[in-house]
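S.K.: Please find one structure pasted underneath; my questions will follow.
The values are calculated or read from the model by the stated rules, or taken from the named source; none is laboratory data. Since this is a predicted model, take the numbers as computed values, not measurements. Positions of Cβ are generated from backbone atoms using ideal geometry, with glycine treated the same way; all protein chains shown enter the neighbour counts. All accessible areas refer to the heavy atoms of the entire protein, side chains included, with ligands and DNA or RNA removed. Shrake-Rupley method; radii C 1.70, N 1.55, O 1.52, S 1.80 Å.
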Amino acid sequence: MTTETMTTKRELPQGIGRLSTGWIAFFAAMVAVTVVGLYAYFQQLGNGLIVTGLRDLGTGGGATWGLYVAYYVYFIGVSFAGITVAALIRIFKIEKLEPVARMGELLTVVSLILGALAILADLEHPWRAIVNLFEFGRPQSPFFGTFSMVIAGYLFASLVYLYVTSRRDAARLALQPSRFQGLYRFLAAGYEDTPEQRRIDRRATFWLAIAILPLLVIAHSTVGFVFGLQVGRPGWFGSLQAPGFVVLAGVSGIGNLIMLAAIVRWATKTEKRITVDAFAWLAKLLLGLLLVYLYFTAVEILTITYQASAAEQVLSDALLKGTYAWIFWGAIVSLVAAAVLLTWKALTRRWTIAAAVAAGILVNIGAVAKRYLIVVPSQTHGQLLPYPIGSYTPNWVEFAVVFGLFSLGAIMIGVFMKVFPIVPLEEAEQ
Amino acid sequence: MTTRGWITTAIAVVGVGLMVVSYLFWTTPACNTTVACSNPRVPFAAGIFVLGVLIAFSAGAFYSVYKGGK
């Protein structure tokens with residue numbers, strides 16, 4: 001009993017450093033999928049984009065932006081949630097969401113890395129593109145804004161935020177002998193848990209949150225401008241693209257955070273920390289954003305069907321009753337079902353984790369479909385010049401790379417959970 | 001203001017300054033009429049803009065980590 005107690009005392013909280021059979025199986029599966037993705041990517045790097053389903057626009061009869069760009073937009077959207085929730089907690093002091101703040105920040109960092117990799121996967125010569133961007137890029141271009149604001153600025157700001165909010169836990173864990181003690185000491189960087197240091201950290205995180213929130217809106221709007229400023233492409237050019245991107249980013253991001261919070265709650269046995277109230281807060285936030293996005297979608301449908309130009313008419317026909325109709329209506333059904341579910345829960349005030357997770361899954365199915373529809377149909381059907389209608393079908397290489405990215409993200413989150421507390425420590429857990 | 005506050009402000013100002021100068025002046029092409037002069041006035045000005053973003057946000061980490069006195 002004494003030995004057991006001592007062993008328990010030496011163990012780090014939340015299963016850190018302990019590899020269960022289930023975790024090892026999960027890790028091995030994710031590594032296997034990532035390796036397949038890498039193999040597919042090297043096939044593409046060696047032979048060119050011809051091994052994918054991507055083809056030239058117009059005379060090529062295809063789409064130059066496909067699954068990679070759709071998932072780039074999706075991953076960047078997911079990044080919205082984490083830092084927004086973390087910032088809202090700091091600014092408005094929503095204490096019930098404190099336990100999900102760090103996993104939100106982590107989700108932001110991981111999804112931004114995946115977004116950057118997705119856009120690099122779309123390039124036949126990624127290294128050349130990176131050098132040219134920094135040497136010749138012009139910030140007036142939304143493409144530059146996307147890379148500098150979203151990838152560099154937003155990712156770095158999120159990393160700084162994650163670091164500042166994690167130092168206290170690192171300092172606490174550094175006091176306990178463990179295989180990660182050196183790492184914790186390094187991360188703590190001499191942190192001393194004094195009232196003065198806490199005041200400093202509160203001030204630092206508050207001002208970082210204030211600086212990040214406008215950056216977040218600019219960053220997500222800029223991704224929208226990549227499409228919304230292209231006057232020669234029916235379906236893309238429009239003022240609703242930027243706000244639509246911001247709102248759908250929030251929807252998919254909050255949905256992902258709900259799913260991650262449920263998994264973490266189960267895996268780390270933190271049921272008492274991550275309460276139903278936390279899920280209820282996230283679900284209410286999700287419902288608000290979802291209703292705004294559904295309004296945008298209704299406006300979009302009305303606009304493209306009311307009195308569209310000939311080119312817009314071809315595109316809207318493909319979306320509403322043609323090639324892409326099953327994806328479009330599938331997305332609408334998913335989003336509306338999630339809205340109905342959340343509204344019912346809000347009216348009855350009986351929030352459950354299962355309902356929140358179901359809504360999170362539904363909105364992400366809808367978000368992926370909507371991202372695909374934003375990227376692809378305007379290239380295959382939105383022609384102002386007299387080109388024939390094109391087509392695009394992603395092949396195994398693209399699917400393998402995208403699944404590989406998802407697996408890489410799961411590995412990053414899984415490893416983080418085994419090295420550092422993904423749920424901020426309570427005083428009692430010191 | 002404390003030493004921490006002064007240095008943090010200085011880091012943030014340097015970062016934002018680099019962003020503003022590179023955005024408004026260095027990345028601006030000398031002309032828009034020929035390809036020859038359509039590059040940014042300063043090579044890697046876009047990279048300098050990104051560097052400014054990184055420096056500006058590193059002020060937050062400095063503010064938290066700095067251990068100097070008032």
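S.K.: Which value in nm describes the separation of the simple spin-label points at residue A:203 and residue A:298, placed 7 Å from the Cα toward the beta carbon?
M.R.: My value for the distance between the label points is 4.8 nm.
S.K.: Could I ask something else about it? Can you find, among A:267, A:186, A:116, the residue farthest towards the positive end of the dipole of the protein assembly as shown? Put +1 on the C-beta of Lys and Arg, -1 on that of Asp and Glu.
M.R.: A:186
S.K.: Mean Kyte-Doolittle of at least 0.0 plus a Cα span of 20 Å or more along the axis: flag which DSSP H helices in chain A meet both, please.
M.R.: Numbers: long enough: A:21-47 (39 Å, 1.17); A:67-92 (38 Å, 1.77); A:98-121 (35 Å, 1.59); A:155-174 (26 Å, 0.59); A:195-228 (48 Å, 0.66); A:241-267 (38 Å, 1.44); A:276-306 (44 Å, 1.63); A:325-348 (34 Å, 1.72); A:353-375 (33 Å, 1.78); A:396-419 (34 Å, 1.91).
What comes out of the filter, once short or polar helices are dropped, is A:21-47, A:67-92, A:98-121, A:155-174, A:195-228, A:241-267, A:276-306, A:325-348, A:353-375, A:396-419.
S.K.: Calculate the FRET efficiency for residue A:50 and residue A:266 from the Cβ-Cβ distance with a Förster distance of 60 Å, rounded to the nearest 0.05. If you can, show how the numbers build up before the last one.
M.R.: Numbers: r = 44 Å, r/R0 = 0.73.
The value I calculate is 0.85.
S.K.: Each label point is 7 Å from the Cα along the Cα-to-Cβ direction; what then is the distance between the points at residue A:395 and residue B:24, in nm?
M.R.: Result for the modelled spin labels: 5.1 nm.
S.K.: Along the Cα→Cβ direction, 7 angstrom out, place labels at residue B:37 and residue A:129. What is the inter-label distance in nm?
M.R.: About 3.2 nm, to one decimal.
S.K.: B plus A alone minus the pair: what accessible area, both sides summed, probe 1.4 Å, in Å² to 100? Before the final figure, lay out each step's value.
M.R.: Details: alone 5030 and 20210 Å², together 22830 Å².
The contact between A and B buries close to 2400 Å².
S.K.: In segment A:143-211, which trypsin sites (Lys or Arg not before Pro) are in a loop and have at most 13 other Cβ atoms within 10 Å, using DSSP for the loop call? If you can, show how the numbers build up before the last one.
M.R.: Values: sites: A:167, A:168, A:172, A:179, A:185, A:198, A:199, A:202, A:203; in loops: A:179.
Passing sites in segment A:143-211 are A:179.
S.K.: Measuring from the lowest to the highest alpha carbon on each principal axis, how far does chain A reach, largest first, in angstroms?
M.R.: Rounded to whole Å, the extents work out to 80, 54, 41 Å.
S.K.: Summing -39500 (n - 2.57) over the DSSP H runs of n ≥ 4 in chain A and dividing by its residue number, what mean residue ellipticity at 222 nm do you reach, to the nearest 500 deg cm²/dmol?
M.R.: On the way: 16 runs with 308 residues, N = 430.
Only helices count here, giving -24500 deg cm²/dmol.
S.K.: Check each of the chymotrypsin sites (Phe, Trp or Tyr not before Pro) in segment A:130-196 and keep only those in coil by DSSP with at most 15 other C-beta atoms within 10 angstrom; list them in order. Please list the in-between numbers first.
M.R.: Working: sites: A:134, A:136, A:143, A:144, A:147, A:154, A:156, A:161, A:163, A:180, A:184, A:186, A:191; in loops: A:180, A:191.
Sites meeting the loop and neighbour criteria: none at all.
S.K.: Which of these, A:208, A:347, A:248, has the largest mean-square fluctuation under a Gaussian network model of chain A (Cα springs below 10 Å)?
M.R.: A:347
S.K.: A further question on this structure: Once you sort the root eigenvalues of the Cα gyration tensor of segment A:3-86 as a ≥ b ≥ c, which label holds: rounded (a/c under 1.5), prolate (a/b larger than b/c) or oblate (the other case)?
M.R.: It is oblate, given that a/c is not under 1.5 and a/b is not larger than b/c.
S.K.: A follow-up question, please. Out of A:43, A:218, A:329, whose Cα points farthest toward the positive end of the dipole of chain A (charges: +1 Lys, Arg; -1 Asp, Glu; placed on Cβ)?
M.R.: Going by the Cα projections, it comes out as A:218.
S.K.: Loop by DSSP (not H, G, I, E, B), at most 16 other beta-carbon atoms within 10 Å: where is the longest site-free stretch of chain A for GluC sites (Glu not before Pro)?
M.R.: Within chain A, the longest run free of exposed GluC sites (Glu not before Pro) spans A:272-425.
S.K.: Using the alpha-carbon atoms, what tilt in degrees (0 to 90, nearest 10) does helix B:45-65 show relative to the longest principal axis of chain B?
M.R.: Rounded to the nearest ten degrees, it is 10.
S.K.: Given a Förster distance of 35 angstrom, what is the FRET efficiency for residue A:419 paired with residue A:291, based on the Cβ-Cβ distance and rounded to 0.05? Don't skip to the end; give the middle numbers.
M.R.: Details: r = 39 Å, r/R0 = 1.11.
Efficiency at R0 = 35 Å is approximately 0.35.
S.K.: Here's something else I'd like to know. Enumerate the residues in segment A:41-60 having an amide nitrogen under 17 Å from the point lying 7 Å beyond the Cα of residue A:385 toward its Cβ.
M.R.: A:55-60
S.K.: For segment A:232-341, which trypsin sites (Lys or Arg not before Pro) pass both filters: DSSP loop (anything but H, G, I, E, B) and at most 12 other C-beta atoms within 10 Å? Kindly include the intermediate steps, with their values, before the conclusion.
M.R.: Values: sites: A:265, A:269, A:272, A:273, A:284, A:321; in loops: A:269, A:272, A:273.
The qualifying sites are A:269, A:272.
S.K.: I'd like the distance between the alpha-carbon centres of segment A:369-386 and segment A:94-173, rounded to an integer number of Å.
M.R.: 28 Å
S.K.: Tally Lys/Arg at +1 and Asp/Glu at -1 over every other residue whose Cβ is under 12 Å from the Cβ of residue A:374; what's the total? Could you put the intermediate results ahead of the total?
M.R.: Values: positive: A:233, A:370, A:371; negative: A:300.
Residues near residue A:374 contribute +2 overall.
S.K.: Okay, next question. Identify the residues of segment A:352-377 with backbone N under 13 Å of a label point that sits 7 angstrom from the Cα of residue A:333 along the Cα-to-Cβ direction, or state none.
M.R.: Answer for this model: A:366.
S.K.: Could you check how much of the accessible area of chain A is carbon and sulfur, as a whole percent, using a 1.4 Å probe? Don't skip to the end; give the middle numbers.
M.R.: Working: 13050 of 19050 Å².
Heavy-atom surface of chain A belonging to carbon and sulfur, 1.4 Å probe: 69 percent.
S.K.: Under a Cβ-only charge scheme (Lys and Arg +1, Asp and Glu -1), can you give me the dipole magnitude of segment A:20-425 about the Cα centre, in debye to the nearest 20?
M.R.: On the way: 29 positive and 18 negative charges, 263 e Å.
Charge dipole of segment A:20-425: 1260 debye, to the nearest 20.
S.K.: For the protein assembly as shown, report the accessible area per residue in Å² (1.4 Å probe, heavy atoms, rounded to an integer). List each step's numbers first, then the result.
M.R.: Working: 22830 Å² over 500 residues.
So the protein assembly as shown comes to 46 Å² accessible per residue, rounded to a whole number.
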